[in-house]
């Protein structure tokens with residue numbers, strides 16, 4: 001007597017076979033939210049957005065939600081009274097690429113972009129909450145697994161595996177640092193103390209077609225590895241939509257340390 005017909009009435013064929021073999025059927029990757037903030041220490045409108053990103057990060061870590069903030073400091077404020085030490089022309093170029101893909105206007109700061117597809121003023125908590133909630137509700141098309149992460153001689157090495165990415169997709173790795181406190185000496189924020197979370201300190205990308213690979217990221221001078229993480233995500237090259245992501249904290253974390261202060 002065969003039990004397969006009875007099982008197949010309750011489950012799809014593939015699930016029925018999995019039940020008979022004692023194998024758990026594969027489930028689609030859960031939704032993720034990569035939250036990019038384009039900001040600058042020279043911008044007086046940016047501190048509220050920095051604080052919002054800080055709150056998003058704290059809430060996500062506390063609740064263990066797959067929400068991955070990235071703070072990109074652009075360089076077009078650097079000639080207006082204060083040079084941001086975390087700024088890079090590469091991050092400005094990234095924002096301009098979004099401007100073209102999303103026709104969002106700008107560039108401007110603060111700007112927040114969720115999963116490469118929803119752009120809005122970076123200090124608007126209500127819009128951020130809605131965009132993040134919608135991103136988490138949509139199953140990720142690509143599954144990203146970070147298999148290992150290590151630091152040695154100023155280099156961070158991350159091995160990853162990707163499933164479900166399109167052949168022309170990109171895999172991007174961002175080395176980020178959190179818990180940075182800075183006293184600003186001039187410019188629009190002169191005299192203010194700013195708090196930064198998940199500041200992008202290095203960025204690299206490669207082809208997703210390989211399915212697995214390794215990134216080596218040069219750690220900038222002064223990086224505190226006990227406050228650093230790597231976010232790996234899959235991004236479509238034309239629309240810039242982000243379809244999957246994962247994060248790993250670098251080894252040696254968990255110690256109670258005061259915030260890093262730089263002047």
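Kindly rank 89-95, 56-62 from highest to lowest mean number of other beta carbons found within 10 Å of each residue.
89-95, 56-62
Given a 10 angstrom Cα cut-off, can you work out which residue in 122, 105, 187 is the most mobile in a GNM of the chain?
Highest fluctuation among the options: 105.
What label, among (1) 23.4; (2) 22.5; (3) 19.6, belongs to Kirkwood radius over Cα pairs in Å computed from the structure on display?
Working out Kirkwood radius over Cα pairs in Å from the coordinates points to (3).
Could you check what % of the DSSP bridge pairs in the chain are antiparallel, to the nearest 5?
80
Roughly what angle does helix 47-63 make with the longest principal axis of the chain, taking Cα atoms, 0 to 90 degrees, to the nearest 10?
30
With r as the distance between the Cβ atoms of residue 210 and residue 108 and R0 = 35 Å, compute the FRET efficiency 1/(1 + (r/R0)^6) and round to 0.05. Walk me through the numbers on the way to the answer.
Numbers: r = 36 Å, r/R0 = 1.03.
That pair, residue 108 with residue 210, gives E of 0.45.
Could you work out how far helix 125-137 tilts from the main Cα principal axis of the chain, as a 0 to 90 degree angle to the nearest 10?
20
How do the peptides 123-130, 63-70 rank, highest first, by the average count of neighbouring beta carbon atoms within 10 Å per residue?
On the way: 123-130: 15.5, 63-70: 18.6.
Going from most to least packed, we get 63-70, 123-130.
Return the whole-Å distance between the Cα centroid of the stretch 25-82 and the Cα centroid of the stretch 178-216.
9
Using helices alone, what [θ] at 222 nm do you get for the chain, with -39,500 (n - 2.57) per DSSP H run of 4 or more residues, divided over all residues and rounded to the nearest 500?
Helix contribution divided over all residues of the chain: -7000 deg cm²/dmol.
To the nearest 10 degrees, how steeply does helix 89-102 sit against the main Cα axis of the chain, on a 0 to 90 scale?
Around 60 degrees separate the two axes.
Expressed as a rounded percentage, what relative contact order does the stretch 33-262 have, with Cα pairs under 8 Å and six or more residues apart? Don't jump to the answer; show the numbers that get you there.
Numbers: 535 pairs, mean separation 52.2, N = 230.
Relative contact order here is 23 percent.
Rule-based calculations on the coordinates, nothing more; no lab input. Values in this document were obtained by computation on a predicted structure and should not be read as measured data. Positions of Cβ are generated from backbone atoms using ideal geometry, with glycine treated the same way; all protein chains shown enter the neighbour counts.
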